[in-house]
Amino acid sequence: MGVEAPGQLAGQAHALERLGVQPGDRVALVMPQRLETAIAHMAVYQMGAVAMPLSMLFGPEALAYRLAHSEAVVAIVDETSIANLRQARAQCPTLRQVVAVGEASGQGDIDWEAALARESALYVARATRADDPAVLIYTSGTTGPPKGALIPHRA
C-alpha cells in the first residue's frame, strides 16, 4: 500500500500521470537545485517512473542524445535550459511533453503552475520494490558516447 503525499508533490505526480507518464517511463529533469527539482524527483519516484537528472549546462546536442537514447517521455525544465531543450526536441521522437518551470513559463507545452493548479493535493504512491529502477544517470562520454546507468530504489 502506498503513502499519501500532500500538496505540490501530489499535484506533480497527478500532473505527470495526466501527461501519460507510466511506471518505468523516463522523466528528464533539466534544472538546477531548486524547490521544483526536489518535488519533481519525489513525484517521479512515488509514481514508479524513472527520474533522469540532466545538467543545465548541456547544449542541444548533449540533451538530444540523452533524451533520445533514454526514450524520455516528459522533460521538466526551467529558464536555464529551455532554449537548448527546444533546439534538441526535434531529435527526440519519444518526448511528448515539456513542462516549463519558473521563468520558462509559456515556452513549453504546459506550465508547472498550471499543471499543479488543477490537481488533487492527495496522491497515493505506488508500491515499488527495492530493485525497481528509480534514477537514470549518464556518464560524461569522455571515452565514447555517454552511457546510461540505471539506479534502483534501494540505492
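Each reported figure results from applying straightforward, stated rules to the coordinates on display, with no laboratory input. Treat the numbers as computed from the prediction; the structure is a model and nothing was measured. Neighbour counts are summed over all protein chains in view; Cβ atoms, including those assigned to glycine, are modelled from backbone coordinates with ideal geometry.
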**Asked** Which one of 145, 23, 93 has the biggest mean-square fluctuation once the chain is modelled by GNM with Cα springs under 10 Å?
**Response** 145
**Prompt:** If Lys and Arg each add +1 and Asp and Glu each add -1, what is the summed charge of the other residues whose beta carbon sits under 14 Å from the beta carbon of residue 118?
**Reply:** -3
**Prompt:** Got the relative contact order for the chain handy, in percent, Cα pairs under 8 Å and 6 or more residues apart?
**Reply:** 29 percent
**Request:** Compute the signed sum of charges (Lys and Arg +1, Asp and Glu -1) over the other residues within less than 12 Å, Cβ to Cβ, of residue 140.
**Result:** +2
**Asked** Where both residues lie in the chain, what percent of DSSP beta bridges are antiparallel, nearest 5?
**Response** 35 percent
**Asked** If you add up the charges near residue 64, with Lys and Arg at +1 and Asp and Glu at -1, over every other residue whose beta carbon is less than 13 angstrom from its beta carbon, what do you get?
**Response** +1
**Request:** Determine the gain in length on full extension of the stretch residue 33-residue 121; use 0.36 nm per residue of separation and subtract their C-alpha separation, reporting nm with one decimal.
**Result:** 29.4 nm
**Prompt:** In a Debye calculation with equal point scatterers on the alpha-carbon sites of the chain and no solvent, what is log10 I(q)/I(0) at q = 0.12, 0.14 Å⁻¹?
**Reply:** -0.46, -0.63
**Item:** GNM top mover of 62, 38, 130 - the chain, alpha-carbon springs below 10 Å
**Value:** 130
**Asked** What do you get when you divide the Cα radius of gyration of the stretch 69-155 by 2.2 N^0.38 Å, with N the number of residues?
**Response** 1.31
**Request:** In nm, give the distance between the simple-model label positions of residue 61 and residue 79, each being 7 Å from the Cα along the Cα-to-Cβ direction.
**Result:** 2.9 nm
